[in-house]
C-alpha cells in the first residue's frame, strides 16, 4: 500500500541549509525580494540565485513554475528549486506548486522554505497528493519517497493547519490504492477486509451478506452478482462525530470489483480497465477514512454495494425481470447496465434504515458520461439546488472538475418497459441522463440527492497536476469539503 511522504514542520534554520540532503525549494516573489533563507542560499552559492532571477528566462517564467539550479556549489543538496510565487497565492496554485516540487524531488528528500509565503498547508497537500505510486505487484520496487521538511516562521501553526489537509490526502491515497488493485486481489471479500480496517480509526463497520440482502429484498443488486463465485455484499460505514440524533449525510458507492458486462459481454479491448468499476465505492471509503482521520464533527454514513458482474450459467440474462428492494420491477434489457441495479437497492436501504438528511451516490456508471465530458469533469445530477450548489462550490475549491447535467420527464419516459415497471436502460441517446433518471426513481420525494457519474475522472491514462496516471481519488477532497461546509458543526 502507498504511504504518504513523511512531512514535518520546523523553524527556519538558515545555518542548516548547507548540509540538508536532496533538494531545497525557495519561493521568490515578483518584487525579487529575497527572504532570509533565500539570501543565505544566494551567499552560499556565490550569487547563483540572484543571477537566475535576473535572467530573461526568469522573466518569462509563469507564476507557480519552477526553475532548478542543479548541483549548486556550496551546498550538499542536489538542487535548489526556485519557485516564482506571490506571498498570497491562491489555494489552487499553492497545491499545484507543492505537486510540482514533489515531481521534481521524486524519491529525494526535500526541504521547502515557506518563510513569508502563506498557504503552507496547501503546498503540503500538493506534495502529499502528487507523491504517490502504486507498485505492490512489481518485483522491483520504486525507491521510497524521501521526507519533506517545511521550514516556517510559525511551524506549530503551519502543522496544525496542515493536519486536516494531510488527513484528506490519506483518504485520497486509500481510494487510489483500492481503485488501482487488480480484481483477482480486490475481490468482494478482500474489499470488505480493507473496509473493516477502518474500525481502527473509529468508524463503525457492518457487513450484510447475501442471506441478509435477500431477506431485505435486494433483488436488483443480487441479480448482478449471481453469475460470479464472489459473494455479493453491502458494507455500512458510520462516522458519528456530530451531535447525537442528527440525521447523517449518506454516501452511496457502486462497488463492481470487475465488470465483464455479464451476458451482454463487453468487447475484449479495454476490458482490463474494468478493475476500476468499483471507483464509487472506493471514493466513499476514502471519504470515511478522511473524516475519521481529521475527527470531523459530523454524522456521515457510507454504504457500498460490492458485486462482481460475470457471465455464467447462473448469470442474469437480458430480458429477465427482477424486483428491487423498493418493490418496483425492472426489466434487465442490458446486463452491462449493472451499476444502477446495485445502487438502487443500496440507496433505498440507506433511506429506509438510516433516515439521512441528504444522499449522494457515486459510480463509474456510463461511458456516455465520458463522451459528454471527457476526463475533465464528473457529471452531476440533482433534485436539490442548494445541495448541488454547495457541492459544485466545494468541487471548484478543490480543483475537482464537476458539471451539472439536466434531468426531466422526457428522459424518464425512455425507461418505460412493456413487461415491468421500468427497464434498466433507455437506449443510446442521453445515456448518462437516463441512468440518472433510473436512480431518481429510487429517491424519496423529500430526499435531497446528488448523483455523481465519475466514469471519466476516477482513473486516467496520463499524469495530472495532483496525481500520477491511474486512480485519481477524485471526489474525496470535494466531498470532505462539502461535509465541512454544510454538515459539520464547530464546537
Practice prompt. For residue 156 paired with residue 55, estimate the spin-label separation in nm (one decimal), with each label point 7 Å from Cα along the Cα-to-Cβ line.
Written response: 4.1 nm
Worksheet item: Considering the Cα trace of the stretch 114-167, what is its radius of gyration and what is Dmax, both in angstroms?
Response: 14.0, 44
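Using only alpha carbon pairs under 8 Å that are at least six residues apart, calculate the relative contact order of the stretch 360-491 and give it in whole percent.
39 percent
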Worksheet item: What is the fewest-to-most order of 45, 19, 275 by other Cβ atoms lying within 10 Å of their Cβ?
Response: 19, 45, 275
Worksheet, complete the sentence: Relative contact order of the stretch 153-286 (C-alpha contacts under 8 Å, at least 6 apart) in percent is 32 percent
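Work out, step by step, the length gained on full extension between residue 15 and residue 68: first 0.36 nm times the residue separation, then minus their alpha carbon distance; give nm to one decimal. Mind showing how you got there, number by number?
Details: separation 53, 0.36 × 53 = 19.08 nm, distance 2.13 nm.
Here the answer is 17.0 nm.
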Item to complete: Calculate the spin-label point distance for residue 90 paired with residue 189, positioning each point 7 Å from the Cα along the beta-carbon direction, and give it in nanometres.
Response: 4.9 nm
Worksheet entry | Neighbour-count ranking [beta-carbon atoms within 10 angstrom, fewest first] of 185, 80 | 185, 80
Item to complete: Counting other beta carbons within 10 Å of each Cβ, put 236, 123, 330, 371 in order, fewest first.
Response: 371, 236, 330, 123
Worksheet item: Want the number for residue 139 to residue 199: 0.36 nm per residue separation, take away the alpha-carbon distance, what's left?
Response: 18.5 nm
Response to the item:
Two pseudo-spin positions, 7 Å from Cα along C-beta at residue 29 and at residue 396, lie apart in nanometres by 2.9 nm
Worksheet item: Given Cα pairs under 8 Å that are at least 6 residues apart, what percent is the relative contact order of the chain?
Response: 15 percent
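Computed from the coordinates by the stated procedures, all read-outs in this text should not be read as laboratory data. These figures come from a predicted structure and were not determined experimentally. Virtual Cβ from ideal backbone geometry, glycine too; neighbours counted across all protein chains shown.
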